[in-house]
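Read the structure below first, then the notes.
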Amino acid sequence: MREMSDITIRCRKDGPLIVTGDVTVTDHEGNAYDTSGRENIALCRCGATSKRPFCDGTHRHTGWQASDTTPQNENPA
């Protein structure tokens with residue numbers, strides 16, 4: 001069984017979500033993507049990638065922005 005503490009998701013400034021840890025990524029039908037051998041997975045946030053759901057760097061050319069910072073004094077849990 002996986003422990004959530006073994007998985008980290010980081011928001012990159014004006015970039016993808018970086019997922020570190022043993023995770024399974026599935027499509028809307030439940031089919032798993034092959035992510036074997038990957039220590040980190042970059043998930044697209046801009047929607048312009050040609051490798052959905054994974055980031056291919058297209059956000060750099062579209063001007064897409066999302067700085068996403070955690071508000072001070074707030075806890076999302």
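The values are calculated or read from the model by the stated rules, or taken from the named source; none is laboratory data. Computed from a predicted structure; not experimentally measured. We place every Cβ from the backbone using ideal geometry, glycine too, and count neighbours over all the protein chains shown. Heads up: the accessible areas ignore ligands, DNA and RNA and are worked out on the full protein's heavy atoms, side chains in. Shrake-Rupley method; radii C 1.70, N 1.55, O 1.52, S 1.80 Å.
Apolar share of the accessible surface for the chain: 46 percent from carbon plus sulfur atoms, 1.4 Å probe. Loop sites by DSSP among the trypsin sites (Lys or Arg not before Pro) of the chain, restricted to those with at most 16 other Cβ atoms within 10 angstrom, leave 39-77 as the longest stretch without any of them.
In the context of the full set of protein chains, residues of the chain present 79 Å² of accessible surface per residue (probe radius 1.4 Å, heavy atoms only).
Relative to the Cα centre, the charge distribution of the chain, modelled as +1 at Lys and Arg Cβ and -1 at Asp and Glu Cβ, gives a dipole magnitude of about 340 debye. Here the calculated FRET efficiency for T69 and L43, from their Cβ-Cβ distance with R0 = 30 Å, stands at 0.95, rounded to the nearest 0.05. Spin-label pair I9-R52: with each label point 7 Å from Cα along the Cα-Cβ axis, the two points sit 1.8 nm from one another. Here the Karplus curve 6.51 cos²θ - 1.76 cosθ + 1.60, taken at θ = phi - 60°, turns the phi angles of region 44-57 into couplings of 5, 10, 7, x, 9, 5, 9, 10, 3, x, 8, 6, 10, x Hz, with x standing for Gly and Pro.
Take the alpha carbon gyration tensor of the chain, find the square roots of its eigenvalues, order them as a ≥ b ≥ c, and report rounded if a/c is under 1.5; if not, report prolate when a/b exceeds b/c, else oblate. Note, shape of the chain comes out oblate. For the modelled label position 7 Å from the Cα of H28 along Cα-to-Cβ, which residues of region 44-61 have backbone nitrogen atoms closer than 15 Å? Within reach of a label on H28, which here means backbone N under 15 Å from a point 7 Å along Cα→Cβ, region 44-61 contributes 52-53. Note on the chain: dipole from Cβ charges, positive end direction compared against H28, T49, P71; the farthest Cα belongs to T49.
Of the residues T20, T69, the one with the largest accessible area comes first in the ranking T69, T20, computed with a 1.4 Å probe on protein heavy atoms.
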